Structure formats: structure tokens, C-alpha cells
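Scroll down for the structure; my scribbles are underneath it.
The values are calculated or read from the model by the stated rules, or taken from the named source; none is laboratory data. Note that the structure is a prediction, hence the values are computed from the model and not measured. Note that we place each Cβ from the backbone using ideal geometry, even for glycine, and neighbour counts take in every protein chain shown. Surface areas here come from the heavy atoms of the whole protein model, side chains and all, with no ligands, DNA or RNA. Shrake-Rupley method; radii C 1.70, N 1.55, O 1.52, S 1.80 Å.
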Amino acid sequence: MCPSRSCDNGGGQREELMRKKIKDLLEKYDVGSQYTHIPLPKASILLPLLIRQGKPHLLLTVRSMQLKTMPGDVCFPGGRQEPSDEDDIQTALREAKEEIGLRPEQVQVIGRLIPCIAKSPYYLVTPVVGIVEDTFQPVLNPSEVAEIFAVPLEFFLSPEHYTAIQMPQYVSQIIHQFHYNDTETKKRFTIWGLTAHCAVMLSVMILGKGPLFDPEYDLESCIKGQEKFIQASYQSKL
């Protein structure tokens, strides 16, 4: 399960400072409801941040082998938007509660990042960033989630366990892939595709430096590229 936080007298204060720092850093990247008008099928994912020993980590899940789509893949909690959901944030929080037992009141929602286009199935996917209370104890829904683990953000900027792969359906796009060896479970997890893309983007935003495996990575260009891709995908569906 999630690694426990080591406690000391200054732990709470350091965590609060880290929360504020993350909130301030991500404020400029929060897209709010900017893309809600686009008439594409919508989904949301929660990017759950945990503060461990003063460092930000991302909480990731492994999809159940019972699922019809992408069984066994590493992903973030999330799913398609339901008619009863008020917005992207409610979708992400509802799905996180259903999948890993994370209650909305245990999450400090920071904001929404620029959406991604998922093609299998086709959705406009909005990443919702939230900081999770340290007291959170996961309760997995076995029909949806097989495992859960936490990865330090620094990992997603390191070249040590990184591979760039080319997918046949994405001729001009490099797909990120990481292999993470979890010290707690002693298991090796493969993190790739949209999940890896969001993890890298968030890591660059928070840590303020580019990935060592791609010296030419430019966050602003990445965001502008996604904006153009969203508009092109929207136009193609008209």
C-alpha cells in the first residue's frame, strides 16, 4: 500500500509549506472551466499528490484484470463523466472514492490542468490535481483496482528507468515509458502513455526543471501543442 510518512515535530509545518508551494506553482496552469464547452465525450482523472518526508509523491493505481479496457495498466483514479456530475472535479473525486475509497473531504483540490485526448476509447480527459491527507488509508475496489503505490515526482524527471517509445498510431509523437521498482511491495511497475505524460508534466510544473532524458522539453510548447490538438480533434468531430 502507500508508504507511511515519517513523523517528527516539524513534519506538519513542512507539509503545510509544501502544500502552499504546490498551490502557488500550479495556479498559473489551472485551466478552470476553459474546455468544458467542447462537445467531446469527457472523462477526468485525479492526480493525487502525497507529501512524504517533505517531498511530493504521486499516487498511482493498477487496473484490475477484470476490466475490459487496459487491464493491468498503471493509471490514475478516474473515469468518464456522468450526467449527475457537476464538473470535471466532481467526476475525478467521485471516481477516486469508488476506486480507492478516497473521500472528497480528504483531498485539497488544487486545480485542473490542460486536458488530454485519449483515443481508446475517445475522450477529452481532464487531469485534476489534489493533495491527499496523510491519514488516507486506501480501500481498493477489486473489480476496478488491483494495486496502489506511490512514486516520488523526482522519478519522472530521471533518465535511469526511462524509455522513449514510438507507437504506430502516433507517427510524430514520442510516448514516455518508465519502469518503477517499488521498495515497499518489491514489485516492478510499467508507467506509460497518458499516465506518464501527465506525471512528467506535473513534475516539471512543481519541481521547476525539465526531464533529464529530454533536454529540449519545453513545458509551454507542450501546453500549446495540446491546445492545438484539442481544437483539431474538436474540428474533426464536427
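Quick look at the numbers
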{"item": "Shape category assigned to the chain from the gyration tensor of Cα positions, a/c cut at 1.5", "result": "rounded"}
{"item": "Euclidean distance between Cα centres, the stretch 184-233 to the stretch 101-126, Å", "result": "15"}
{"item": "Leu26 accessible area, 1.4 Å probe, all protein chains in place, Å² to nearest 10", "result": "10"}
{"item": "Surface share of carbon and sulfur [accessible, 1.4 angstrom probe, percent] for the stretch 142-238", "result": "53"}
{"item": "Residues Lys119 and Leu67, FRET efficiency given R0 of 22 Å [Cβ-Cβ distance, rounded to 0.05]", "result": "0.80"}
{"item": "Proximal charge balance of Glu144 [Cβ under 11 Å; K/R count +1, D/E count -1]", "result": "-2"}
{"item": "By accessible area with a 1.4 Å probe, ligands and nucleic acids excluded, highest first: order of Thr69, Thr91", "result": "Thr69, Thr91"}
{"item": "Highest-fluctuation residue, Ile165, Ile223, Ile131 considered, GNM on the chain with Cα pairs under 10 Å", "result": "Ile165"}
{"item": "Heavy-atom surface of the chain, accessible at 1.4 Å and reported per residue (Å²)", "result": "51"}
{"item": "Cα gyration tensor shape of the stretch 83-187, rounded if a/c is under 1.5, else prolate or oblate by comparing a/b with b/c", "result": "oblate"}
{"item": "Of Lys28/Lys97; Lys23/Lys55; Lys55/Lys187; Lys68/Lys119, pairs whose Cα-Cα distance is over 18 Å", "result": "Lys28/Lys97; Lys55/Lys187"}
{"item": "Order of exposure, largest accessible area first, which applies to Ile174, Ile51 with probe 1.4 Å", "result": "Ile174, Ile51"}
{"item": "Per-residue [θ]222 nm for the chain (sum of -39500 (n - 2.57) over DSSP H runs n ≥ 4, rounded to 500)", "result": "-8500 deg cm²/dmol"}
{"item": "His37-Ile223 FRET efficiency (beta carbon distance; Förster radius 22 Å; 0.05 resolution)", "result": "0.75"}
{"item": "Full-extension gain in nm, Leu25 to Val139, via 0.36 nm per residue minus C-alpha separation", "result": "38.0 nm"}
{"item": "Average Cα contact separation per residue, the chain, under 8 Å, 6 or more apart, as relative contact order %", "result": "22"}
{"item": "Percent carbon-and-sulfur accessible area, the stretch 1-125, ignoring ligands, DNA and RNA, probe 1.4 Å", "result": "49"}
{"item": "Within-13-Å neighbourhood charge of His179 [Cβ basis; K, R +1; D, E -1]", "result": "0"}
